[in-house]
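Chemist: First the structure, which I've put down as structure tokens, then a few questions once you've had a look.
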Amino acid sequence: MSNVVPLKGDQENPRKGLEALRQFVGGDMEKVNAVILDKMQSDVALIPQLASHIIAAGGKRLRPMLTLAAAQLCGYREERHVALAACVEFIHTATLLHDDVVDESDLRRGNATANAVFGNQASVLVGDFLFSRAFELMVADGSLEVLGILSRASAVIAEGEVMQLITTNDTETTEDAYLDVISSKTAALFAAAARVGGVVADAGRPEVEALDSYGRNLGVAFQLVDDALDYSAHKATLGKSIGDDFKEGKITLPVLLAFRRGAEEDRVFWRRCLEKLEQDDGDLEHALDLMARHNALTDTIERARHYGARARDALGIFSDGALKSAMIDAIDFTIERAY
């Protein structure tokens, strides 16, 4: 598609940004994966089969890595963070299963979604099973504070998804409303993942709040980049389709910027395509042209850089060191995925 907008960057290998973090948490991540494998087992054969399908599809495991890294950063050397990192990944995986049903998605990371393979009913119910496993891990940890953090995050994620349902197809959505959605559906779990790492390490309140801020701002940056990638040439080079959000009528920041900055005839186009879902051949290309004309993608990435800077500043309370540097590299990775 000739009009797909490329996002240009200056890093030859942005994905190396997670390698340092993986080196710090690699041993613990092996333990986390073992817990995940154990806890997704069931006598009901379809449950581990479907759970394995989505878990085997890959992913960066960034959220559980945040729990492990945050605990290490605060000097923790015991084992509680392992099960809680697995809990974080179960919450994330459960939300993916439910999201794909809500969005009627057929592909995730280039592979068939669980609902496309096993059906919507099985996906929803196995998502519920994984949520239950997550709560079992929280209860087993024995900390009411940890239980409160992760259970609240689960509720906020659900609220965010409902808010997104309300804003979908509504071109009058404000940027503040959009930020409320992504702060809930994405950033809340990033924040909780980092926060519980500090809590299990018995870190002081300033350190725990700093980790929460780091995770929250990192999560907002992560979602902003994801929303830009849905319209970028880079996503196409990764073997993923572009324009899924457009086809579903989702109101994301690239759309909001192009809508607000365009002429009335442009807004008529957006309303037809996103509110009425009346889309013709060539409409996606025209949408990409409008985004390029109004710098919607590049400005979305600039917003992500702003939140990335806030995440970096949040770590300022901690002493400099290799692990802190690796957590900063994770911020750069999150943003440079766009290039």
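Laboratory data are not the source of any read-out in this text; all were calculated from the coordinates shown. Being a predicted model, the structure only gives us computed values, none of them experimental. Cβ coordinates were reconstructed from backbone atoms using ideal geometry, including for glycine residues, and neighbour counts include every protein chain displayed.
Chemist: Among HIS306, ALA122, ALA287, pick out the residue whose Cα is farthest towards the positive end of the charge dipole of the chain, where Lys and Arg carry +1 and Asp and Glu carry -1 on C-beta, about the Cα centre.
Modeler: HIS306
Chemist: Separation between the ARG305 and GLU30 pseudo-spin-labels, each 7 Å from Cα along Cα→Cβ, expressed in nm?
Modeler: My value for the distance between the label points is 4.0 nm.
Chemist: Where is the GNM fluctuation largest for the chain (alpha-carbon springs, 10 angstrom cutoff): GLU159, GLU285, GLU78?
Modeler: So, out of GLU159, GLU285, GLU78, the one fluctuating most is GLU78.
Chemist: Let me ask something additional. Placing +1 at every Lys and Arg Cβ and -1 at every Asp and Glu Cβ, with all other atoms neutral, what dipole size does region 136-199 have around its Cα centre, in debye to the nearest 20?
Modeler: Its charge dipole is roughly 280 debye.
Chemist: For region 48-96, which trypsin sites (Lys or Arg not before Pro) are both in a DSSP coil and crowded by at most 14 other Cβ atoms within 10 Å?
Modeler: When the trypsin sites (Lys or Arg not before Pro) of region 48-96 are filtered for loop state and at most 14 Cβ neighbours within 10 Å, ARG77 remain.
Chemist: Just to confirm the number: angle between the C-alpha axis of helix 80-103 and the first principal axis of the chain, 0 to 90 degrees, nearest 10?
Modeler: 30
Chemist: Calculate how steeply helix 205-229 sits against the longest principal axis of the alpha-carbon atoms of the chain, using the helix alpha-carbon long axis, and give the answer as 0 to 90 degrees to the nearest 10.
Modeler: 30
Chemist: For LYS60 and ALA140 in one chain, what is 0.36 nm times their gap in residues minus the Cα-Cα distance, to one decimal in nm?
Modeler: Full extension of this stretch gives 26.2 nm more.
Chemist: Would you kindly calculate the mean projected area, averaged across all directions, of the convex hull enclosing the Cα atoms of the chain, in square nanometres?
Modeler: 16.5
Chemist: Now, a different point. Along the charge dipole of region 93-222, which of ASN169, LEU218, ALA158 sits closest to the positive end, that is, farthest toward it, with unit charges on the beta carbon of Lys, Arg, Asp and Glu (+1, +1, -1, -1)?
Modeler: With unit charges placed on the Cβ atoms, the residue in question is LEU218.
Chemist: Relative to the longest principal axis of the chain, what angle (0 to 90°, nearest 10) does the C-alpha long axis of helix 296-314 take?
Modeler: 20
Chemist: Using the Cα centre as the reference, give the magnitude of the dipole from point charges on the C-beta atoms of the chain (Lys, Arg: +1; Asp, Glu: -1; all else neutral), rounded to the nearest 20 debye.
Modeler: About 800 debye.
Chemist: For GLU78, what is the net charge nearby, where nearby means another residue's Cβ is under 15 Å from its Cβ and Lys, Arg count +1, Asp, Glu -1?
Modeler: With Lys, Arg at +1 and Asp, Glu at -1, the neighbours total -1.
Chemist: Give me the net charge of ILE331's neighbourhood, meaning all other residues with Cβ under 10 Å from the Cβ of ILE331; Lys, Arg count +1, Asp, Glu -1.
Modeler: With Lys, Arg at +1 and Asp, Glu at -1, the net is 0.
Chemist: Mind checking the dipole of region 245-339: about its Cα centre, +1 per Lys or Arg Cβ, -1 per Asp or Glu Cβ, Debye to the nearest 20?
Modeler: About 440 debye.
Chemist: Sort 246-253, 150-157 for me by packing, meaning the mean count of neighbouring Cβ atoms within 10 Å per residue, highest on top.
Modeler: 246-253, 150-157
Chemist: Could you calculate the FRET efficiency of VAL102 with ALA322 from 1/(1 + (r/R0)^6), where r is the beta carbon distance between them and R0 is 51 Å, rounded to 0.05?
Modeler: After rounding, the FRET efficiency stands at 0.80.
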